[in-house]
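**Q** Once you've had a glance at the structure underneath, I'll fire off some questions.
Only the coordinates and a few stated rules stand behind these numbers; no lab work does. All of these numbers come straight from a predicted model, not from anything done at the bench. Cβ sites come from the backbone with ideal geometry, for glycine too, and all protein chains shown count toward neighbours.
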Amino acid sequence: MSQLFEFPMSVGPKFRGSSLAVALGAFLVLMLSTAFSLSVEEAKLPGLVINGLVFLILLVGFGYCGLGRPRAVIVSGDGIRVLLGKESKLVASSSDIESVESRTLNSVLRVNGVGGFMGSWGTHQSKELSSFEGYLTRADHYVVITKKSGKSVVVTPDEPQALIEECRKLLPAQG
């Protein structure tokens, strides 16, 4: 059995700040709508029921995004995996990796997937890479894994250089 190396992905300041803003905004909207529904005598019960349902939907949505966020990059003999919640997803098999490097990316935009609350994963775009599969928890420490197909996967581990060194061991020897 091959050895596993795990590289944590903690939530960076950008995602921490936006996550807090979204949670506070949702809480304030819920509190204001509850206060309004309590002040209108005829709409008291329906307003409270609707607010309760909205609260449950927000709680489930925040829970899914927070618990299912990218948590770590795992490197093993079979390739590179990303730990999403408790599930790991193979993002590049060892035979499919062409290069691994640290890059600076500006204006990263999530096109499809889940994002904004404690991290982002799915299809992203940037000027530097065009379209790529991203598992991001911070706005720095970008590590770009280029596959032989030309597609890129971007992750943001806490220790990018250590991840790069371990991933390069998976690459075939240049001769």
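**Q** If you take the beta carbon distance between LYS148 and LEU67 as r and set R0 to 22 Å, what does 1/(1 + (r/R0)^6) give as a FRET efficiency, to the nearest 0.05?
**A** So the FRET efficiency works out to roughly 0.10.
**Q** Distance check, please: which entries in LYS147/LYS169; LYS127/LYS151; LYS148/LYS169; LYS89/LYS147; LYS127/LYS169 exceed 20 angstrom between their Cα atoms?
**A** Distance filter (> 20 Å) returns LYS127/LYS169.
**Q** Taking R0 as 25 Å, what FRET efficiency do you get between ARG103 and PHE55 from their Cβ-Cβ distance, rounded to the nearest 0.05?
**A** Computed FRET efficiency for ARG103 and PHE55: 0.05.
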